[in-house]
Structure formats: C-alpha cells, structure tokens
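Okay, structure first, notes after.
The values are calculated or read from the model by the stated rules, or taken from the named source; none is laboratory data. These numbers were taken from a predicted model, which means no experiment stands behind them. All Cβ positions, even for glycine, are placed from backbone atoms using ideal geometry, and neighbour counts span all protein chains on display. Note: areas computed on protein heavy atoms with side chains; ligands, DNA, RNA excluded. Shrake-Rupley method; radii C 1.70, N 1.55, O 1.52, S 1.80 Å.
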Amino acid sequence: MPSGPEPGTAAEHFSPTENLEQIDRDHLLHARKSIDIAMYAFTDLYLAQAIVERARDGVQVRIYRDNDQYNQEQRRSSGRRESTTNLLGGERNIQIRVKGSRELMHLKAYLIDGRELRTGSANWSPSGEKRQDNNAHFTTDPQQVKAFQNTFEEMWQRPNNQLVR
C-alpha cells in the first residue's frame, strides 16, 4: 500500500494510461482514521468495497454526493444491480449526505486521515477511472488539505442536505 506523498509533495496520475481505480483503491486502503469523500458520480463497486473494508476496521467515512447523480444511480440500480449506496449504507462507520439543491456538487476528491488529498477529473465509475481521459492528483500540501477540509465541512453542514445514512 502506498504511504502517500511525502509532506508537501504531489503525485499526478492519468487514465487510461494508468488504472486510476487501482491507484485510488490502494490509497483508500491506507486510511487509518478517516476518509472524507466528495464524489459527483460514484458507481464503482470495487472502490465501494474498499471503503467498506476500511469502515469495518474502524475508519470513519463521510461521503458527500451530488443530488442528480445520486438519484440517477439509485434509479438505475433499482432491481437490476447493487448500488454503491446500498453496499455502503449498512455500515456503522459510514455516513452519506446528498446535496439538497439542484446546483451541481461536481467535486471528485477525498481526504485520507486529514493529511492526504486526492483531487482530479475522474469520477468513481469504472470507465471514469480506467477508460476515459482523466487525472488524479495526490498532495499533502497543508494549504490544499486545509482548503478542502474547510470546503468539505461547509458542504457537509448545509441544512438542506439529504441524510442518506
């Protein structure tokens, strides 16, 4: 498992040349205390399973989703296949909130243990992580980490959020 970039450094990855799904999974499995996730589209069951694994080991996970994407994914999964939300929903260390307004929550980012930030263009779908032209940027830069933490907390605390779990 990667230990993440050294403090103040960054790493950049690009799909489809690199498998961002495996890179994200490796980073997620490194979490020891917390994972805060803001993800526009999240249909990748492989990454959802990694999050479940960490939650079962005591890692506190908060997932913030876009309203329209969340609702579309729930409709598509109804009766045909497992959804990521259904897979994650039964875990006691996982909380899920959905933005209450129709304005996009378009971030594709997560923060591990309050110190390693991943941003980029890749949604958490198998095609977004492995086949589309996307990037994943990892950093431990304290200013970037703090900026995401502040933004995430503001989004998480919105009074009109839908509480899924």
Give, in nm to one decimal, the length gained when the segment between Ala147 and Arg32 is fully stretched (0.36 nm per residue of separation minus the Cα-Cα distance). 39.3 nm
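Any chance you could run the full-extension gain for Thr9 through Asn135? It's 0.36 nm times the residue separation minus the Cα-Cα distance, nm to one decimal.
Between Thr9 and Asn135, full extension yields 43.7 nm more.
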Can you give me the accessible area per residue for the range 96-144, using a 1.4 Å probe, in Å²? 42 Å²
Of the heavy-atom accessible surface of the chain (probe 1.4 angstrom), what whole percent is carbon and sulfur? 46 percent
Residue separation times 0.36 nm, minus the C-alpha to C-alpha distance between Gln72 and Arg115: what's the value? 12.3 nm
On each of the three principal axes the extent of the alpha-carbon atoms of the range 86-165, given in whole Å and largest first, is 31, 31, 28
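Looking at the chain from every direction and averaging, what is the projected area of its Cα convex hull in nm²?
Values: hull surface 35.8 nm².
Mean projected area for the chain: 8.9 nm², to one decimal.
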Quick one: net charge around Glu53, please, counting Lys, Arg +1 and Asp, Glu -1 for every other residue with C-beta under 11 Å from its C-beta. +1
Within the set of other residues whose C-beta is less than 14 Å from the C-beta of Gln157, count the net charge using Lys and Arg as +1 and Asp and Glu as -1. +1
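Return the percentage of antiparallel bridges among DSSP beta bridges fully within the range 53-165, rounded to the nearest 5 %.
Here the share of antiparallel DSSP bridges comes out near 65 percent.
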Between Arg158 and Arg102, the two model label points (7 Å from Cα along the beta-carbon direction) sit apart by a distance in nm of 1.4 nm
